[in-house]
Amino acid sequence: MSHPHTLSVAALGGVHEIGKNMYMIRYGDDILLVDCGSKFPDETLLGIDLIIPDIAYLLEHPGKVRALIVTHGHEDHIGGIPYLLKQFPLPVYATRLTLGLIETKLKEHKLLSQTELKLIDSESTLRFGEIELSFFKTNHSIPDCLGIVFDTPEGTVVHTGDFKFDFTPVNHAYPDLQRMADIGKRGVLILLSESTNAERAGFTPSESLVGEHIEEAFMKADGKIIISTFASNVHRIQQIVNAAVRAGRKLTLLGRSMVNVVEVAAELGYLHIPEGMLVASDEAAGMPREEITVLCTGSQGEPLAALARLASGNHRQLEVLPGDTVILAATPIPGNERNVARIVDHFYQLQAKVIYGAGSSTGMHVSGHGSQEELKLMLTLMKPEYFIPIHGEYRMLYQHRLLAEAVGVRPDNIFVLNNGEVVEAHNGKAAVSGKIQAGNILVDGLGIGDIGSVVLRDRKQLSADGILIIVITLSKQEGKLLTKPDAISRGFVYVRNSEALMNEINELVVAELNKLLQSKISQWSVLKQTLKETLGNYLLTRTGRRPMILPLVIEV
């Protein structure tokens, strides 16, 4: 931020990753934020519920952050908002459906009454200091998506949000190509464009094609239909509702996120469900199988979601019977393939008919993100002087870079950034100028950012080799052992089957303690550390395991 009138752009989340999107546009003393998403942890982050962006830089400039602008209502763009607002109250600008979904989150976190929510649409204009904002319509797998235009004295920055070009959209909300072309004609200094499908050739098929395949499957089904998709894919849900109506079936919803999204979308007019069509799961259990469609969460194989409970026969009201049809109208996110495959296996074991897999094989899913030709179309419409690929892992960002070069963006004017790297523009020239703090904040229960690498390392050790607690009782006056040590194992060995090992441990502890006490070493910290090292080395040699060793010294 070297010049008072410099235009600065940075990603606080959303590059080198899918999820946790957050971007910062700054001109002078005015900072605007785009999106504040979350992402779910992988198996290495034991016990962590959620990952959100690090906002340390914003906390250093509290008087300069003017607003949060949200492009659309997916979790990777709104999931971190409650955690941001707890530390940093801000006005939030979003479209009707996006605001409805944000409201649901803020109610859960008891923040709704104290948050300023502002409604915008593609015709809105906003001004913050010398930054003027306008918007344009895009298509995605959720309605009410916007791209954002930031006009500043230094030039125009465009953030596309997530997008595809769907020319036959389910909700008849067409992408505003004319406005995009007009923005490009006026001149775009920096374009930030999403990269999720940058490796995928061609065009992404229209969502309307999925509806035809869903309807065909519904008409052929004999028993119950269980269909799972992303709760936020309102277009897909509408097509499932339409297919169920035509097949003469009632609809029951399973999964809290599915119920929440359907309620909000229906209330705001984005979903049209005939009156009397929705039935509770206990009512559905007593109806003829051929009259029921179950719409549920869990398409990513989440072990606690409704689909997994149905697959394992653990749902309280509903069961899957031979001849029922199960449809997975979603594709596994990378990393979830094994969990999804396990659930598919369970359904086959229940003798259900299972339809799964994306693409032409089933036609049950299309992506909400533009493929290579659409990414090139956006670049061609916007004609940016400088380009920053966002929202993708490194290989996707790199591929997007090659696409930009192919349509005429100069290679030196393309910046594949890390989170926290800042691009500054002044007098029509842009360059990477430095770095601000950015990264992951881990949410565990009610704690935000209080779990660090040491705690995660301990959790990993506990999950791998368990814990061995050694209770030692010493005489305060004489400094001698009063009783035999008591070794307690949890997740290390089963004590009843390992009596010989436990006796060896106790003998080793006694010998080591006597040696230390005879040497007049009585500080608890030294006793504990020495015991941990000695026992750790012994157990590694004896068992090949490294349990967490916790000596407890009691003085009597």
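The values are calculated or read from the model by the stated rules, or taken from the named source; none is laboratory data. This structure is a prediction, so every number in the text was calculated from the model and none was measured. Counting neighbours? That spans all protein chains shown, and the Cβs are built from the backbone with ideal geometry, glycine included. When the accessible area is computed, the model is the full protein with side chains, heavy atoms only, and any ligands, DNA or RNA have been set aside. Shrake-Rupley method; radii C 1.70, N 1.55, O 1.52, S 1.80 Å.
Within the stretch 294-310, one or more residues are more than 30 Å from GLU393 (Cβ to Cβ), open to solvent by less than 20 Å² (accessible area, probe 1.4 Å) and in a strand (DSSP E or B). Count of the stretch 288-306 residues, restricted to those that are modelled with pLDDT of 95 or more and among the hydrophobic types (A, V, I, L, M, F, W, C), is 4. Once the stretch 426-438 is narrowed to residues that are at pLDDT below 95, more than 18 Å from VAL188 (Cβ to Cβ) and part of a strand (DSSP E or B), the residue that is least open to solvent (accessible area, probe 1.4 Å) is GLY434. For the stretch 518-539, a residue qualifies if it is under 16 Å from ASN506 (Cα atoms) and not small (Gly, Ala, Ser), and the qualifying residues are LEU527, LYS528, THR530, LEU531, LYS532, GLU533, THR534, LEU535, ASN537, TYR538, LEU539.
Among residues of the stretch 353-399 being within 18 Å of CYS145 (Cα to Cα) and of a type in the set (S, T, N, Q), the one that is modelled with the lowest pLDDT is SER367.
Mind checking which pairs have a first residue in the stretch 533-545 that is in contact (Cβ under 8 Å) with a residue 24 or more places away in the chain and part of a helix (DSSP H, G or I) and a second that is among the basic types (Lys, Arg) and open to solvent by less than 100 Å² (accessible area, probe 1.4 Å), Cβ under 7 Å, 6 or more apart or different chains? Taking only residues 6 or more apart or on different chains, the pairs are LEU539/ARG545. The residues of the stretch 362-378 that are of a type outside the set (Gly, Ala, Ser) and either closer than 19 Å to SER208 by Cβ or surrounded by fewer than 24 Cβ atoms within 10 Å (Cβ to Cβ) (or both), listed by number, are THR362, MET364, HIS365, VAL366, HIS369, GLN372, GLU373, GLU374, LYS376, LEU377. Note on the stretch 261-291: residues that are of a type outside the set (A, V, I, L, M, F, W, C), assigned to a helix (DSSP H, G or I) and under 33 Å from the mean Cα position of the chain (by Cα) total 4.
Residues that are out of contact with any Pro (no Cβ under 9 Å at 6 or more places or on another chain) and open to solvent by less than 80 Å² (accessible area, probe 1.4 Å) within the stretch 103-130 comprise GLU103, THR104, LEU112, ILE120, ASP121, SER122, SER124, LEU126, PHE128, GLY129, listed in sequence order.
Note on the stretch 122-145: residues that are under 21 Å from ALA181 (Cβ atoms) and either touching an Asp or Glu at 6+ places or on another chain (Cβ under 8 Å) or at pLDDT below 95 (or both) amount to 12. If you take the residues in the stretch 475-532 that are under 17 Å from THR543 (Cα atoms) and assigned to a loop (DSSP other than H, G, I, E, B), which one is most open to solvent (accessible area, probe 1.4 Å)? Ranking the qualifying residues of the stretch 475-532, first place goes to TYR494.
Among the residues examined, ILE52 does not qualify as buried (at least 18 other Cβ atoms within 10 Å of the Cβ), of a type outside the set (Ser, Thr, Tyr) and modelled with pLDDT of 95 or more. Residues in the stretch 331-357 that are open to solvent by less than 80 Å² (accessible area, probe 1.4 Å) and of a type outside the set (A, V, I, L, M, F, W, C): THR331, PRO332, GLY335, ASN336, ASN339, HIS346, GLY357.
Taken over the stretch 201-259, residues that are among the hydroxyl-bearing types (Ser, Thr, Tyr), over 16 Å from HIS365 (Cα atoms) and either modelled with pLDDT of 95 or more or in contact with a helix residue (DSSP H, G or I) (Cβ under 6 Å, 6 or more places away or on another chain) (or both) amount to 1.
Just one of (1) within 22 Å of ASN260 (Cα to Cα); (2) modelled with pLDDT of 95 or more fails for PHE163. It is (1). Being touching a Gly at 6+ places or on another chain (Cβ under 8 Å) and not β-branched (Val, Ile, Thr) is the requirement here; does HIS61 meet it? It is false that HIS61 is touching a Gly at 6+ places or on another chain (Cβ under 8 Å) and not β-branched (Val, Ile, Thr). Checking the stretch 136-146 against the condition returns no match, with no residue being acidic (Asp, Glu), in contact with a Phe, Trp or Tyr (Cβ under 7 Å, 6 or more places away or on another chain) and in a loop (DSSP other than H, G, I, E, B). Among residues of the stretch 66-93 that are surrounded by fewer than 23 Cβ atoms within 10 Å (Cβ to Cβ), those with a Cβ under 8 angstrom from a residue that is among the polar types (S, T, N, Q) and part of a helix (DSSP H, G or I), sequence gap 6+ or separate chain, pair up as PRO89/GLN114.
Can you find a residue that is buried (at least 19 other Cβ atoms within 10 Å of the Cβ), closer than 24 Å to GLY187 by Cβ and touching an Asp or Glu at 6+ places or on another chain (Cβ under 7 Å) anywhere in the stretch 398-408? No, the stretch 398-408 contains no residue that is buried (at least 19 other Cβ atoms within 10 Å of the Cβ), closer than 24 Å to GLY187 by Cβ and touching an Asp or Glu at 6+ places or on another chain (Cβ under 7 Å). Among the residues of the stretch 311-330, those identified as of a type outside the set (A, V, I, L, M, F, W, C) and either open to solvent by less than 10 Å² (accessible area, probe 1.4 Å) or part of a strand (DSSP E or B) (or both) are ASP324, THR325. The set of residues from the stretch 374-425 being assigned to a loop (DSSP other than H, G, I, E, B) and either of a type outside the set (A, V, I, L, M, F, W, C) or under 26 Å from ARG179 (Cα atoms) (or both) comprises LYS383, HIS391, GLU393, VAL407, GLY408, VAL409, ARG410, PHE415, ASN418, ASN419, GLY420. Taken over the stretch 11-27, the criterion of being modelled with pLDDT of 85 or more and either among the charged types (D, E, K, R) or closer than 21 Å to PRO89 by Cα (or both) is satisfied by ALA11, LEU12, GLY13, LYS20, ASN21, MET22, TYR23, MET24, ILE25, ARG26, TYR27.
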